[in-house]
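**Student:** Got a structure for you, written out below as structure tokens; questions coming shortly.
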Amino acid sequence: MVEGRRAVLVQDEFDLDKPCEVTWGMTTDAKIQITQKGSAELTIGDKKLVAKILSPSGAEFVAESAEQKPPEKSNEGVRRLVLRLPDAKGSVQVAILLSPVWPGGTVNTIQLKILSEW
């Protein structure tokens with residue numbers, strides 16, 4: 001939790017010896033709207049959450065169905081917010097800021113530190 005517990009930072013770091021796909025995702029019952037490059041708004045009723053990619057720069061979200069075929073639970077109407085890095089290699093940092101929309105606005109950005117400095 002960051003910014004006085006007003007937002008959550010999800011951060012992962014990878015050292016990749018060879019190119020591979022790195023995928024980050026969250027599954028939700030919320031309506032997902034991609035609002036701009038690297039940002040999305042999730043809505044359930046009158047509650048909103050803004051998801052923003054802080055790292056890597058230039059990455060984008062996509063919204064996908066999370067429905068499954070039997071014998072799995074169907075997940076009807078469930079969606080996934082996904083970030084894919086298809087050819088990631090070397091040192092890769094994925095940082096996603098999740099901020100509820102508060103009466104005073106959202107937390108838009110924070111200063112990132114590498115995990116070893118936490």
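FYI, it's all coordinate maths here, none of it is from the lab. Just so we're clear, the structure is a prediction, and the values are computed from it rather than from any experiment. A quick note on method: Cβ atoms are made from the backbone with ideal geometry, for glycine too, and the neighbour counts reach across all protein chains shown.
**Student:** Place the peptides 111-117, 54-60 in order of packing, highest mean first, counting for every residue the other Cβ atoms within 10 Å and averaging per peptide. Working shown, then result.
**Tutor:** Details: 111-117: 9.0, 54-60: 14.3.
Ranking the peptides 111-117, 54-60 by packing returns 54-60, 111-117.
**Student:** Continuing with this model, one more query. Considering only SER39, SER91, SER65, give the residue with the highest GNM mean-square fluctuation for the chain, with springs between Cα atoms whenever their separation is below 10 Å.
**Tutor:** Highest fluctuation of the listed residues: SER91.
**Student:** Where does each of ILE110, ILE53 land when they are ranked from fewest to most other beta-carbon atoms within 10 angstrom?
**Tutor:** In increasing order of surrounding Cβ atoms, one gets ILE110, ILE53.
**Student:** Got a sec? Which residues in region 57-83 would a label at ASP29 touch, if it sits 7 Å along Cα→Cβ and we count backbone N under 19 Å?
**Tutor:** Residues passing the 19 Å test: 64-68, 73-81.
**Student:** If a/c stays under 1.5 just call it rounded; otherwise compare a/b with b/c (prolate if a/b is bigger, oblate if not). Do that for the chain, with a ≥ b ≥ c from the square roots of the Cα gyration tensor eigenvalues. Before the final figure, lay out the partial values.
**Tutor:** Numbers: a/c = 2.03, a/b = 1.09, b/c = 1.87.
Oblate shape, in that a/c is at least 1.5 and b/c is the bigger or equal ratio.
**Student:** Still on this structure, please answer the following. Report the charge-dipole magnitude of the chain in Debye, nearest 20, computed about the Cα centre from +1 at each Lys and Arg Cβ and -1 at each Asp and Glu Cβ. If you can, show how the numbers build up before the last one.
**Tutor:** On the way: 15 positive and 16 negative charges, 68 e Å.
Dipole size: approximately 320 debye.
**Student:** For region 1-70, what does the alpha-carbon gyration tensor say about shape, rounded, prolate or oblate, given a ≥ b ≥ c as the root eigenvalues, a/c under 1.5 as rounded, and a/b over b/c as prolate? Numbers along the way, then the final one.
**Tutor:** On the way: a/c = 1.84, a/b = 1.20, b/c = 1.54.
In terms of gyration-tensor shape, oblate.
**Student:** Let me ask you something else. Return the whole-Å distance between the Cα centroid of region 94-118 and the Cα centroid of region 34-82.
**Tutor:** Using only Cα atoms to place each centre, the spacing works out to 17 Å.
**Student:** What FRET efficiency, computed as 1/(1 + (r/R0)^6) with R0 = 25 Å and r the Cβ-Cβ distance, is obtained for GLU3 and SER57, rounded to the nearest 0.05? Please list the in-between numbers first.
**Tutor:** Working: r = 21 Å, r/R0 = 0.82.
So the FRET efficiency works out to roughly 0.75.
**Student:** Which residues in region 42-60 place their backbone N less than 19 Å from a point set 7 Å from the Cα of GLN11 along the Cα-to-Cβ direction?
**Tutor:** From region 42-60, the list is 51-59.
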